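Trainee: Just passing along the structure, written as C-alpha cells.
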Ligand SMILES: NC(=O)C1=CN([C@@H]2O[C@H](COP(=O)(O)OP(=O)(O)OC[C@H]3O[C@@H](n4cnc5c(N)ncnc54)[C@H](O)[C@@H]3O)[C@@H](O)[C@H]2O)[C@@H](O)CC1
Ligand SMILES: Nc1ncnc2c1ncn2[C@@H]1O[C@H](COP(=O)(O)OP(=O)(O)O)[C@@H](O)[C@H]1O
C-alpha cells in the first residue's frame with residue numbers, strides 16, 4: 001500500500017457526486033439526524049444541522065431534549081425537530097429506516113453524549129458521525145471505544161484525539177502523522193478525520209487522505225469557534241446523501257476550507273453554511 005496519503009482534490013467524479021439528479025424527491029437525498037445539547041447549548045448542533053441541509057441532505061432533523069425545544073424552534077425553520085430526551089427515546093426514533101446518517105457530539109455535553117452514543121452504536125442502522133463531546137466520552141469509557149464499528153467516522157481535533165488515543169504520539173510531519181492515524185483507525189475499526197490546517201483522514205483498511213489548507217489554499221479564519229461543528233454537519237449531510245464515510249470526510253474537508261477561503265477575513269462559523277451555495281455553483285454543481 002502507498003504510505004503517502006492521497007491529496008484530496010475536487011475532480012470531476014467528486015463534483016458529479018454533489019449534483020442532485022432531476023426528478024428525485026427529498027427522501028432520495030437522505031435524512032440526517034443531529035443530536036443537540038440542552039437549553040443554552042444548542043448552537044453547535046444547529047450549526048451542524050444548517051450545514052447538513054446546505055450540502056444537500058433532503059431532510060435534517062435536530063434531536064433535542066424537551067427543555068431545549070423552544071430555543072431551537074426559535075432559531076430554525078427548514079431544520080425539523082424531534083424530542084430526544086435520553087437513550088431510550090433515541091432507540092425508538094432510530095427505528096425509522098429512512099434516517100441515513102446520525103451525528104452525535106457537537107454541544108452535546110459529555111454526560112449526555114456517553115449514553116446516547118452507547119445506544120446509537122448498538123441500534124443505529126445508519127452511519128454515525130462522532131464529534132466533539134462524544135469523542136471525549138469515548139476517551140473516558142473503553143466500552144465505547146470497543147463498540148466502534150466500520151460505520152463510524154470520528155472527527156477529532158488534536159485535543160480530542162489525545163483523549164482517545166493517549167498512547168499514540170502525533171508527530172508534526174505529515175507522513176509519520178498519517179502512520180499514527182492509520183494505527184488509530186485500525187485500532188478503532190473505523191474511519192478517523194484528524195482536523196487541522198493539514199487534515200488527515202484514515203480508514204481502518206489503511207486508506208489515507210490528506211487535505212492541505214496551507215499555501216495558496218490557506219484558510220486561517222477557520223480557526224474560529226464552531227468551525228468544526230460545521231464540518232461535522234457537512235460530512236453528515238454528505239453521508240446522508242449516500243457518500244461513503246471516507247469520501248464524505250475528504251469531500252467535506254475540501255468544501256469546508258473552500259467556503260472559508262471564499263468568504264475570507266471576518267469569517268465566523270455561521271457564515272460557512274451560507275457560503276456553501278456559492279462554492280457549489282463555482283464548481284458547476
Ligand atoms: N457555538 C457553539 O455552540 C460552540 C460550541 N462548541 C462546543 O463546545 C464543546 C467543547 O468543545 P471544545 O473543542 O471547545 O473543547 P474541548 O472539550 O475539546 O476542549 C478544548 C481543550 O482541548 C485542547 N486542545 C488541544 N488541541 C486542540 C485543538 N486543535 N483544538 C481545540 N482544542 C484543543 C485545549 O487544551 C482546549 O483547552 C463541544 O461540545 C463543542 O461542540 C464549540 O464547538 C464552539 C462553538
Ligand atoms: N489554521 C487553520 N487553517 C485551516 N483550518 C483550520 C485552522 N484552524 C482550524 N481549522 C479547521 O477548523 C475546524 C476547527 O474545528 P474544532 O477545533 O473542532 O473547533 P470547534 O470545536 O470550535 O468547532 C477544523 O475543521 C480545522 O481543520
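Trainee: With the requirement that a residue be under 21 Å from the mean Cα position of the chain (by Cα), surrounded by fewer than 20 Cβ atoms within 10 Å (Cβ to Cβ) and away from ligand 2 (no atom under 16 Å from the Cβ), what does region 30-46 give you?
Mentor: Within region 30-46, just 38 meets the criteria.
Trainee: Still on this structure, please answer the following. Provide a single number: the residues in region 123-145 that are in a loop (DSSP other than H, G, I, E, B) and away from ligand 1 (no atom under 11 Å from the Cβ).
Mentor: Adding up the residues that qualify gives 5.
Trainee: May I pose another question? Can you tell me which residue within region 15-52, out of those that are out of contact with any helix residue (DSSP H, G or I) (no Cβ under 7 Å at 6 or more places or on another chain) and in a helix (DSSP H, G or I), is nearest to residue 233 (Cα to Cα)?
Mentor: Ranking the qualifying residues of region 15-52, first place goes to 45.
Trainee: Also, quick follow-up: Could you tell me which of the residues 114, 107 is part of a helix (DSSP H, G or I) and at pLDDT 95 or above?
Mentor: The conditions single out 114.
Trainee: Going through region 213-249 one residue at a time, which ones are within 9 Å of ligand 2 (Cβ to nearest atom) and buried (at least 18 other Cβ atoms within 10 Å of the Cβ)?
Mentor: Answer for region 213-249, where residues must be within 9 Å of ligand 2 (Cβ to nearest atom) and buried (at least 18 other Cβ atoms within 10 Å of the Cβ): 213, 219, 222, 226, 227, 228, 229, 230, 231, 232.
Trainee: Give the residues of region 162-194 that are within 16 Å of ligand 2 (Cβ to nearest atom), in a helix (DSSP H, G or I) and in contact (Cβ under 8 Å) with a residue 24 or more places away in the chain, sorted by residue number.
Mentor: 163, 164, 174, 178, 181
Trainee: Restricting attention to region 149-161, which residues are surrounded by fewer than 23 Cβ atoms within 10 Å (Cβ to Cβ) and either touching a helix residue (DSSP H, G or I) at 6+ places or on another chain (Cβ under 7 Å) or touching a residue at least 40 places away in the same chain (Cβ under 8 Å) (or both)?
Mentor: 149, 150, 151, 157
The values are calculated or read from the model by the stated rules, or taken from the named source; none is laboratory data. It should be emphasised that the depicted structure is a prediction, and the values quoted were computed from it without experimental measurement. All Cβ positions, even for glycine, are placed from backbone atoms using ideal geometry, and neighbour counts span all protein chains on display.
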